[in-house]
Amino acid sequence: MANRDDMLGRARVTDTAELEAYYEKLAKLEAGALWTIANKIEPWYPQPQSKPVKWSFAELRPLVLEALNLVSGDDAGRRVVALYNPERRDIAATVGLLYTGLQVMGPGESMTAHRHQAAALRFVLEGTGAWTIVDGQKLKVGPRDFAITPNWTWHEHGNEGIEGVDGPVIWQDGLDIPLVNALDAPFYEVHPDVYQKQVGVVNSSLLTYGAGQLRPFGDTWGKSHSPLLAYPWEPTYEALLNAAKATDGSPYDGIIMEYSNPLTGGSVMPTMSAHMQLLRAGESTLAHRQVGSKIYTAAKGSGTSIVAGQRIDWSEGDIFCVPSWAWHEHANASRSDDACLFSFNDFPVMRALGFWREEAYTDNNGHQPVATRE
């Protein structure tokens, strides 16, 4: 195939000794000739540095639990094992400008309160007794529950279990820290009282806004994030099962639903959105790609995803990432039971900036060729 950068309209200057000398003079003034890097910084299509990666929960879980005895929550701030993309460790990113990690809290632990410019979300993988307080509202969450911590909200976490009786809690954190840092916009504060005072009843946002199709009459909520801070697993799964009775869903994602702001129908936060999808027994989806990065967590069952031609086998608790503009498709390994994938992404940013694009894979009946393992 001919070099597309030889086309008229692309930078195609052939360097000479005279040009090299010219570049050196520019460099001394902290300047440079754009045509020397134009094709690199304006590629024909996204060229993400991130790679498709899977993090095995079975392998990571013992190391996450080991941290309980190695470092205190007070000293660590948060006791988290971060998941790094091998090509993005320099910015602490899991994929693109998104970060995720596994946080562990022992029974009876209570973490101090702080707030930061970055927005955060939580997906519980293991254990009961987890709670978080967000701007005074206390939320209790359990396995497969989803919760949000919007940016610049005071928040703290804990595990109300009894030591010696109950076990630890492991949940997945998701944040847009790399994005905030890339924009040179980070701020961080520790709560002046170290811990917050609870306001109202437990799960007050869920009791107020959790009815879905009903909203409080005369509500004056005007913030950019969802007023609903916790999304329990049981009604989420029921909604997916009900939808599966009425629709075939997406050929690329099966039965998929977005966690939404109940007042606007939009994403839960301005920079990140989250989805739960159900793959019916034996279901295999077609491949597509989107501008935006995604992090998946196997919430139920087991299966296989093909990401940029790479086969990723997953089971409950496993986490894997899909870089921007990478082809991806999913398959449920079971012929008798459904499987569910939780995911979060930076799609709201892409849409707000006018960058959003999506494309279906049309060759090979919609399925990618899989790279041969060496």
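The values are calculated or read from the model by the stated rules, or taken from the named source; none is laboratory data. Nothing here was measured: the structure is a model prediction, and the numbers come from that model. Positions of Cβ are generated from backbone atoms using ideal geometry, with glycine treated the same way; all protein chains shown enter the neighbour counts. Quick note on the areas: whole protein, heavy atoms, side chains included, nothing else; ligands and nucleic acids left out. Shrake-Rupley method; radii C 1.70, N 1.55, O 1.52, S 1.80 Å.
Here are a few things to note about the model shown:
- Candidate set from the stretch 22-72 (those that are of a type in the set (Gly, Ala, Ser) and touching a strand residue (DSSP E or B) at 6+ places or on another chain (Cβ under 7 Å)); member that is nearest to GLU359 (Cα to Cα): SER50
- Taking the conditions (1) open to solvent by 30 Å² or more (accessible area, probe 1.4 Å); (2) in contact with a helix residue (DSSP H, G or I) (Cβ under 9 Å, 6 or more places away or on another chain); (3) more than 21 Å from GLY174 (Cβ to Cβ) in turn, ASP338 satisfies each one other than (1).
- The residues on offer are ALA326, ALA352, and the sole one that is surrounded by fewer than 18 Cβ atoms within 10 Å (Cβ to Cβ) and of a type in the set (Gly, Ala, Ser) is ALA352.
- Inter-residue pairs, beta-carbon under 8 Å, first in contact (Cβ under 8 Å) with a residue 24 or more places away in the chain and in the stretch 38-65, second part of a helix (DSSP H, G or I) and open to solvent by 30 Å² or more (accessible area, probe 1.4 Å), 6+ apart: ASN39/ASP5; TRP44/ARG4
Yes/no matrix, rows are residues, columns are (1) farther than 26 Å from VAL322 by Cα; (2) in contact with a helix residue (DSSP H, G or I) (Cβ under 8 Å, 6 or more places away or on another chain):
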residue: THR112; (1), (2): yes, yes
residue: PRO143; (1), (2): no, yes
residue: GLN172; (1), (2): no, no
residue: LEU175; (1), (2): no, no
residue: ALA185; (1), (2): no, no
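- With respect to the conditions (1) open to solvent by 10 Å² or more (accessible area, probe 1.4 Å); (2) farther than 21 Å from LEU60 by Cα; (3) among the acidic types (Asp, Glu), ASP145 lacks only one, and its number is (2).
- Subset tally (residues that are over 19 Å from the mean Cα position of the chain (by Cα), open to solvent by less than 20 Å² (accessible area, probe 1.4 Å) and in contact (Cβ under 8 Å) with a residue 40 or more places away in the chain) for the stretch 281-316: 3
- Taking (1) in contact (Cβ under 8 Å) with a residue 60 or more places away in the chain; (2) of a type in the set (Asp, Glu); (3) closer than 30 Å to GLY303 by Cα in turn, GLU238 satisfies each apart from (1).
For every residue, the table says whether it meets (1) among the β-branched types (Val, Ile, Thr); (2) within 16 Å of the chain's Cα centre (by Cα).
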residue	(1), (2)
VAL268	yes, yes
ASP318	no, yes
ALA331	no, no
ASP338	no, no
PHE342	no, yes
ASN345	no, yes
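- Residue within the stretch 32-42 that is under 25 Å from GLN290 (Cβ atoms), touching a Leu at 6+ places or on another chain (Cβ under 9 Å) and either modelled with pLDDT of 95 or more or open to solvent by less than 40 Å² (accessible area, probe 1.4 Å) (or both) present: yes
- Residue match in the stretch 150-157 (condition: hydroxyl-bearing (Ser, Thr, Tyr) and not in a loop (DSSP other than H, G, I, E, B)): no
- Checking each residue of the stretch 136-143 against the condition of being under 20 Å from the mean Cα position of the chain (by Cα) and in a helix (DSSP H, G or I) gives no match.
- Any hit, the stretch 10-31, residues being under 36 Å from the mean Cα position of the chain (by Cα), open to solvent by 70 Å² or more (accessible area, probe 1.4 Å) and at negative phi: no
- The condition of being in contact with a helix residue (DSSP H, G or I) (Cβ under 6 Å, 6 or more places away or on another chain) and either open to solvent by less than 50 Å² (accessible area, probe 1.4 Å) or not charged (D, E, K, R) (or both) holds for only one of ARG88, ARG79, that being ARG79.
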